[in-house]
Amino acid sequence: MLFEGGLTGPSPVDRARRGSKHHLLVDAAGVPLAVALTGGNRNDVTQLLPLVDGITPVTGKVGRPRQRPDRIVADRAYDHDSHRRELWRRGVKPVIAHRGTEHGSGLGRWRWVVERTFAWLHNYRRLRIRWERDPVVHMAFLTLACALICRRYLREF
């Protein structure tokens, strides 16, 4: 099926079929903090700073709310010096594997939390395969799935 909706692009890993890519920023428990939707051909690093800037302060707690996370753990796709500098400028310590180095950096100890949250998101069939042509509708379903994950996490406590 040839898909011609908004925010789609040829996938570099799926024989150039058109599709979308979900970008996600989570906390240490896997609760989604920020989410973005782009075409399948967009580079991951283009969404790093918008996701960090998209985090809103948590209200309702006593004291000054935190504006940014202490550190960001990311894989090799986010390894660019300019983005590292921008994260430092925002007061966030980047913990990112360097490109060209051997695997086994030890970041998988934290990266699996993000991959698990992607698995939770893609348990919703509507997000696993994109059927909507309108990106606003798909983003609404993506936001709803993140809200359901947050609700499930809060119900445990």
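All of the numbers you see were taken from the coordinates with simple rules; none came from a lab. Just so we're clear, the structure is a prediction, and the values are computed from it rather than from any experiment.
Working note: Cα atoms of region 94-157, range along each principal axis, descending, whole Å: 40, 36, 20.
Could you work out the relative contact order of region 27-155? I mean the mean sequence separation of Cα pairs under 8 Å and 6+ apart, divided by the number of residues, in percent. The normalised contact order for region 27-155 reaches 27 percent.
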